[in-house]
1. Given the DSSP H assignment, sum -39500 (n - 2.57) over each helix run of at least 4 residues in the chain and divide by its residue total; what's the result at 222 nm in deg cm²/dmol, nearest 500?
2. Residues with amide H under 5 Å of F205's amide H, sequence separation 5 or more or different chain, H placed in the peptide plane at 1.01 Å from N; which?
3. Enter the mean projected area of the convex hull around the alpha-carbon atoms of the range 380-422, in nm², rounded to one decimal.
4. Highest mean first, what order results for 337-345, 324-332 on Cβ atoms within 10 Å?
5. Ordered by packing density, taken as the mean number of other Cβ atoms within 10 Å over each peptide's residues, highest first, how do 226-234, 163-171 rank?
6. Taking neighbour Cβ counts within 10 Å as the exposure measure, how do E288, E419 sort from fewest upward?
7. With θ set to phi - 60° and the Karplus curve 6.51 cos²θ - 1.76 cosθ + 1.60, what are the ³J(HN,Hα) couplings of the range 377-390 in order, to the nearest whole Hz, using x for Gly and Pro?
8. Can you give me the long-range amide H partners of M150? Hydrogens built in the peptide plane at 1.01 Å from N, cutoff under 5 Å, separation of 5 or more residues or another chain.
Amino acid sequence: MVRVDVRSFARFAAFLIAATFAIYPAAAFAQSGAPIKIGYAISQTGGLAGGGNSALLAHKIWEETVNARGGLLGRPVKLICYDDQSSPAAVPGLYQKLLDVDKVDLVIGGFGTNMLAPAMPVVIQKNKMLIGLFGVAVNAEFRHPKYFSMIPLGPEPKAAMSKGFFETAAAQTPRPTTVAIVAADAEFPINAAEGARENTKELGFKIVYDKRYPPATTDFAPIVRAIQAANPDIVAIFSYPPDSVGFVRAVNEIGYKPKMIGGGMVGLQVTAIKAQLGPLLNGFINYEFWLPIPTMNYPGVAEFLSRYQARAPAAGVDPLGYYVAPWAYAQLQVLEQAIEATNSLSDDRLADYIHGSTFNTLVGDVKFGTEGEWAHSRVLEVQFQHIKGNDVGQFKELSTQVVLTPAQYKSGEIVYPYEKAK
């Protein structure tokens, strides 16, 4: 029979445990608690799926990265996500389920104004904190002290969406004078169109056309012809992805050539849509939030995009990921840094910390204002130029997407009027 020295064995076991922690300290520590559950709904199908699925991959990369480091508060992180199907009506029930059935510790917001706004009543009722992704003025009416917006619109989000567009127009010679505003009858376009009216008033433009269209619209030629009949110098469009594609096609098919056109067209930032439309985009001027220009090469963003782009084909998402992915990762970076700093999952403590702090993220330093918007605006105005064919690779080149404003990010000159870029 083999005799075992109990004290020697205990010392040896202790040595092995200590050695394990020395070699894999974070991973070992992370297994000591139940997962921190973070819940949300995001568009995986429907009209907003392009951005939603890109965000979803970014979130997965964050989850894997954090857990590889040992999790948060000594616990692994688990994301629980449901498909809102790009339907605002589905959102409240999904957040009720996350909080009442799944018993998540924290919630974050999905993608887009139309999906964030219907989550707010549930979030407010449950007194939860929410960091939303790409919502325009979602908190303007609610004024929930625990809401934060991961979108660089600043303290005047409605006007910021198109301010660069109208300022660019006002700088042209001869100066354009008349404006058409067209918007879908939905939360984001309504908010953005309201901001456009503020900008036109401030800059002295005259509005000659200002109408909404039903969200179910599929034929945009009659709308474009009606705008053409009003003969505005510049046209500001506030639309979601399927509509944005419809407008671009209708403008080209009709041969409509105002002096400037674009503004707030969601979807024209998505690589698949850019490739689909190709040269039809030339001349359009639209917003962007991030592009791989040298002045936006923030720490960590290139490494993240390399990881994202390697996985994008298999995931069936935007192959470049410039539009949504860095922001979705940054959305969770803010939450991560707040949890680590407060050593807490308390919504109250996290919200207080976020209000008073600056966060280092893939999209630069982020500081929030009183209503949860960014303290400062940073919206890019970009013109599509020199697009040839439908090859995706050309959209890695900044020559096809020229940053016009703000001045510190400018990468080229405007081609004006619009028809000269065709």
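1. Numbers: 15 runs with 172 residues, N = 422.
Result for the chain: -12500 deg cm²/dmol, rounded to the nearest 500.
2. none
3. Working: hull surface 12.5 nm².
Mean shadow area of the hull around the Cα atoms is 3.1 nm².
4. On the way: 337-345: 16.4, 324-332: 27.4.
Ranked by mean Cβ neighbours within 10 Å, highest first: 324-332, 337-345.
5. Averaged packing, sorted descending, gives the order 163-171, 226-234.
6. Numbers: E288 17, E419 13.
Exposure proxy ranking, most exposed first: E419, E288.
7. Couplings: 7, 8, 9, 8, 10, 10, 10, 7, 9, 6, 6, 10, x, 10 Hz.
8. Amide H neighbours of M150, under 5 Å, 5+ apart: G132, L133, F134, G135.
Where a number appears in this text, it was derived from the coordinates with a stated rule and is not lab data. Everything quoted here is computed from the prediction, not taken from an experiment. Using ideal geometry, Cβ is built from the backbone for each residue, glycine included, and neighbour counts are taken over all protein chains shown.
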